[in-house]
1. Scanning region 104-131 for residues that are under 25 Å from GLY146 (Cα atoms) and among the basic types (Lys, Arg), which turns out least open to solvent (accessible area, probe 1.4 Å)?
2. Being over 17 Å from the mean Cα position of the chain (by Cα), farther than 20 Å from ASN111 by Cα and at pLDDT 95 or above is the filter here; which residues of region 167-192 pass it?
3. Do we find that THR81 is more than 23 Å from ALA222 (Cβ to Cβ), in a helix (DSSP H, G or I) and in contact (Cβ under 8 Å) with a residue 12 or more places away in the chain in this structure?
4. Which of the residues belonging to region 220-242 are more than 20 Å from the chain's Cα centre (by Cα) and at pLDDT 85 or above?
5. From ALA172, ALA134, which residue is touching a residue at least 12 places away in the same chain (Cβ under 8 Å), aliphatic (A, V, I, L, M), surrounded by 22 or more Cβ atoms within 10 Å (Cβ to Cβ) and not in a helix (DSSP H, G or I)?
6. So, in region 40-72, how many residues would count as being in contact (Cβ under 8 Å) with a residue 40 or more places away in the chain, open to solvent by 20 Å² or more (accessible area, probe 1.4 Å) and either closer than 19 Å to GLY110 by Cα or among the acidic types (Asp, Glu) (or both)?
7. May I ask you to list pairs of residues, at least six apart or on different chains, whose Cβ atoms are under 8 Å apart, with the first in region 108-130 being free of Cβ contacts under 8 Å to residues at least 24 places away in the same chain and the second being small (Gly, Ala, Ser)?
Amino acid sequence: MADLPVSPPTLDEQAAQALRGILDDPALPVGSTAAGPDGPRIAALREAHDFVSSQKLAVTAAWSPEAAGALVDSLARIDPTLAATLRWHATLAPFLSALPASRPRNALLGNIRRGELFTWATAVGAWTWRDGSAPDAERPLGRADGEIESDEFPGLYDTVLLWEPSASALVALPTHRARLSWEPVEPPTADAGRRWKITLTRVTIHADELVRLETDPRTSPAWREPGGAWPEPGAAWPEPEA
């Protein structure tokens with residue numbers, strides 16, 4: 001695709017060794033970011049995600065589903081849990097590439113080109129537009145209240161994408177947005193690990209953060225559910241040695 005680098009960075013052996021080093025000896029958890037029993041695991045993954053993002057190693061996922069799959073396979077050979085946390089990015093990046101060009105879609109692909117990492121809201125429990133409808137060209141700013149879920153710690157990602165049926169749009173929700181917070185859903189489930197509830201309270205959303213679609217993206221032939229025999233997000237992470 002034309003708006004991605006011709007020769008993006010690749011996950012070569014040097015990058016692989018750097019990721020192994022990060023995961024083998026991660027920084028200590030930060031209290032406000034990764035506290036609690038999952039703290040060591042999240043701290044290690046966040047440091048690894050920072051490396052993947054800064055080196056733009058996940059850019060290739062936008063080229064095609066095959067390239068996205070190859071990226072996750074390469075990560076799985078380094079660490080299966082790390083690969084599992086990027087499975088939604090590997091689904092969303094090629095899906096966005098397959099959509100018709102539009103200002104919001106192009107902006108999201110530009111963010112991926114800069115190294116940003118995306119995930120998917122696996123559940124939308126509540127969503128309300130404060131003005132009664134989604135923002136548009138005439139009223140570009142809107143505010144939303146809502147509760148959504150992700151199947152991994154939201155702070156690992158730059159953007160959460162969700163399907164908002166009343167607007168018939170994919171909504172791109174930056175995780176750093178003001179009045180957005182998250183907490184773990186208790187208790188962790190045996191089959192899917194720990195999920196996270198993300199709460200929006202009067203969160204500002206711009207019309208350019210809505211990618212208009214005719215139908216739910218999960219019904220599109222271009223949509224591919226994350227695959228592969230990777231451990232589910234939320235799997236146990238070894239505690240650091242004393």
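1. Within region 104-131, the match that is least open to solvent (accessible area, probe 1.4 Å) is ARG105.
2. ALA167, SER168, ARG179
3. The answer is yes for THR81.
4. Residue satisfying the conditions is PRO221 alone.
5. ALA172
6. 7
7. What qualifies is ALA126/GLY146; THR128/ALA144; THR128/GLY146.
The values are calculated or read from the model by the stated rules, or taken from the named source; none is laboratory data. Since the model is a prediction, treat every value here as computed from it, not as a measurement. A quick note on method: Cβ atoms are made from the backbone with ideal geometry, for glycine too, and the neighbour counts reach across all protein chains shown. Side chains included, ligands, DNA and RNA excluded: accessible areas come from the protein's heavy atoms. Shrake-Rupley method; radii C 1.70, N 1.55, O 1.52, S 1.80 Å.
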